Amino acid sequence: MSDDRRVVVIGSGPAGAMAAHELVRKGIAVTMLETGQDIQHGMLVRLAGRNLFRRLPNMTKAEGFVVTGDPETNLEYNYALGGLSNQWTGAVPRFCAEDFTAGEQIHEKYRWPVTYGDLAAYYEVAERTMEITADPTDVPNLPAGYCDYRQPVPQDWQSVRQAALKRGQGFTTMPLADGPPYLLLNRGTSFNSYSKLIAKLVGKSGFELITQAHALKLEWDGRRKKAAAVIYHDRQTKSHRRLEASAFVVACGPLNSPKLLFNSECNDHPNGMGNSAGLLGKYLHDHPREWWAVDIERPLTSLSPPAYLTRLPHGSSDPLLASSWTLGAFGTIGKIKSRLGRTTTYFGVQVFGTMVPEEKYYVSPAKNDKDEFGFPALEVHISFDEEVMGNMVKAREHLTQLMQDAGQKGAIREIVPTLVPGTAKHYGGAARMHASPRFGVTDGFNRLHDISNVLVVDASSFTTGAEKNPTLTVMALAARSAARLANDLKSA
Ligand SMILES: Cc1cc2nc3c(=O)[nH]c(=O)nc-3n(C[C@H](O)[C@H](O)[C@H](O)COP(=O)(O)OP(=O)(O)OC[C@H]3O[C@@H](n4cnc5c(N)ncnc54)[C@H](O)[C@@H]3O)c2cc1C
């Protein structure tokens with residue numbers, strides 16, 4: 001591999017790991033910088049396709065942020081090899097075709113510069129690394145993906161499936177990166193981006209992993225009109241280092257990536273790299289999320305893995321306002337029943353809603369506070385307005401009505417209060433992609449419109465937030481853009 005074409009990938013979470021994987025596969029040398037030191041330990045015991053025991057490691061205490069929107073905003077993240085995939089659940093639904101286009105009904109700025117067709121092959125690239133359990137059949141608003149393990153929803157839930165279909169919704173097994181049926185691991189998740197992607201690269205020629213390396217800023221070369229180097233803090237030696245490369249793939253997570261770009265201000269880019277249109281940081285969005293338990297009159301088989309009720313059809317919903325429902329076990333007894341495959345008269349529901357991304361929700365450099373390295377802390381300004389909250393209330397009513405259609409009298413028993421930003425860990429949008437630099441920080445291949453050798457490949461690049469878990473789409477985008485970068489570097 002030629003070192004002249006070396007790419008620096010910053011961050012070892014699912015986004016950075018997928019990008020590095022694709023670059024190395026295509027013959028491009030990669031140096032990965034990761035601020036964390038190691039993978040975090042936990043425990044996962046899986047027997048006969050059911051997770052019997054899972055102990056997850058703690059996340060990093062959020063520092064270097066200033067909250068100015070909803071004061072309850074949650075900002076936990078994870079400085080570790082593998083990022084938040086040390087803690088995640090592994091739910092990996094694909095977006096559907098309309099998820100990329102529906103926002104255009106409100107304004108052209110809400111149309112993604114990629115289509116489902118552009119991403120389909122890269123969804124599969126990501127899915128093949130994840131050992132997914134799913135039902136490999138398309139359902140409304142959820143295209144089926146590649147899975148290693150097949151699992152339909154239990155037969156006695158078919159009346160719910162029929163009731164969902166009548167409303168234009170799918171009811172299927174939630175695609176989960178849960179791994180093979182039998183597992184005993186000293187980590188909390190089957191798919192961890194370090195263990196499943198990066199560990200396979202370590203030791204290969206052309207791949208270098210530098211841990212405890214906190215990227216502080218990208219350095220601009222005004223003559224060549226390119227980013228020339230990354231300056232990082234070496235936590236071991238407590239010194240600053242400089243690393244040159246031909247391109248930089250930023251994958252620090254949806255808040256830390258825009259922060260790195262703000263830090264990278266210079267004479268030609270006085271408000272940060274990628275910010276000549278003043279869009280960097282704006283259009284921050286998140287998934288409002290809530291949990292509740294539903295009591296039903298007649299017992300049904302406990303759902304393990306969980307089932308997924310897809311959104312209402314785009315044609316009959318307000319654009320960019322939707323909900324999805326994940327149905328599974330609730331409480332300790334419920335979890336035991338689900339692990340034993342017993343029936344139950346109650347189950348748990350997790351709802352993800354959406355919000356229309358707007359300029360008024362943003363991240364930006366804080367005026368007074370500093371982070372541990374002396375750079376401005378990140379101001380995070382987001383809240384859920386009445387429309388978003390109303391949509392969550394409608395989601396409760398919708399599910400109980402649907403259960404009634406299916407011949408089950410369902411009543412919501414207990415709502416767990418989680419309706420504040422950040423509980424889903426699904427922030428996005430602060431370095432949004434759009435075909436036009438008027439509406440986007442990056443183009444359709446995740447390259448800054450201003451600086452083509454800097455890519456931002458995590459969910460900060462999302463144009464809008466669909467009601468589906470984001471990570472699979474993050475990885476598909478990262479794989480596609482890394483493949484394009486590799487081809488461009490080879491043909492340059
Ligand atoms: C409990 C929980 C459950 C979840 N469940 C799901 C789920 O079921 N499905 C789903 O799709 N998503 C889920 N998520 C969210 C999912 O984990 C994230 O979407 C995903 O990890 C994002 O990947 P990423 O690579 O963009 O960011 P991250 O995973 O946050 O990785 C970013 C990496 O960059 C490193 N980094 C940050 N700043 C710097 C810097 N300046 N220099 C060097 N390195 C840096 C970090 O240490 C980290 O390793 C869940 C999250 C949690 C916490």
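Summary of values
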| read-out | value |
| --- | --- |
| Prolate/oblate/rounded call for the chain, Cα gyration tensor, a/c under 1.5 rounded | prolate |
| Options G428, L455, G145, ranked by Cα towards positive dipole end of the chain, top entry (Cβ charges) | G145 |
| Euclidean distance between Cα centres, the range 448-492 to the range 1-78, Å | 16 |
| Karplus 3J(HN,Hα) series, Hz, for the range 65-70 with 6.51 cos²θ - 1.76 cosθ + 1.60 (x for Gly, Pro) | 10, 10, 9, 10, x, 4 |
| Global geometry of the range 1-61, whether rounded, prolate or oblate, following the gyration tensor of its Cα atoms and the 1.5 cut on a/c | oblate |
| Point-charge dipole on Cβ atoms (K/R +1, D/E -1) for the chain, about Cα centre, debye to 20 | 1180 |
| Distant-in-sequence amide H partners of D369 (H built 1.01 Å from N, under 5 Å) | A377 |
| Estimated vicinal HN-Hα couplings, Hz - the range 145-158 in sequence order (Karplus 6.51, -1.76, 1.60; Gly, Pro = x) | x, 6, 9, 8, 10, 9, 8, x, 6, x, 4, 6, 9, 4 |
| Leading residue at positive end of dipole, the range 339-416 (Cβ point charges), from M392, G348, L378 | G348 |
| Cα gyration tensor, the range 428-484 - rounded (a/c under 1.5), prolate or oblate | oblate |
| Evaluated over the range 168-315, the Cα radius of gyration and Dmax, each in Å | 22.6, 72 |
| Segments 361-371, 18-28 sorted - mean Cβ within 10 Å per residue, highest first | 18-28, 361-371 |
| Cα-centre dipole for the range 278-358 with unit charges at Cβ (Lys and Arg positive, Asp and Glu negative), debye to 20 | 440 |
| Residue-by-residue Karplus 3J(HN,Hα) for the range 212-219, coefficients 6.51, -1.76, 1.60, Hz, glycine and proline x | 6, 10, 8, 5, 9, 6, 9, 9 |
| Centre separation in Å (Cα based) which lies between the range 251-321 and the range 90-156 | 15 |
| Under 5 Å, built H, 5+ apart or other chain: amide partners of S323 | L312 |
| Residue-level accessible surface for M32, protein heavy atoms, 1.4 Å, Å² | 0 |
| Cut-off 10 Å between beta-carbons: net charge of the residues surrounding A247, Lys and Arg +1, Asp and Glu -1 | +3 |
| Interchain or long-range residues, amide H under 5 Å from Q151's placed H | A134, D135 |
| Accessible-area order (highest first, 1.4 angstrom probe) of the listed residues E219, E63, E127 | E63, E219, E127 |
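The values are calculated or read from the model by the stated rules, or taken from the named source; none is laboratory data. Just so it is clear, the structure is predicted and the values come from calculations on it, not from any experiment. Virtual Cβ from ideal backbone geometry, glycine too; neighbours counted across all protein chains shown. Surface areas here come from the heavy atoms of the whole protein model, side chains and all, with no ligands, DNA or RNA. Shrake-Rupley method; radii C 1.70, N 1.55, O 1.52, S 1.80 Å.
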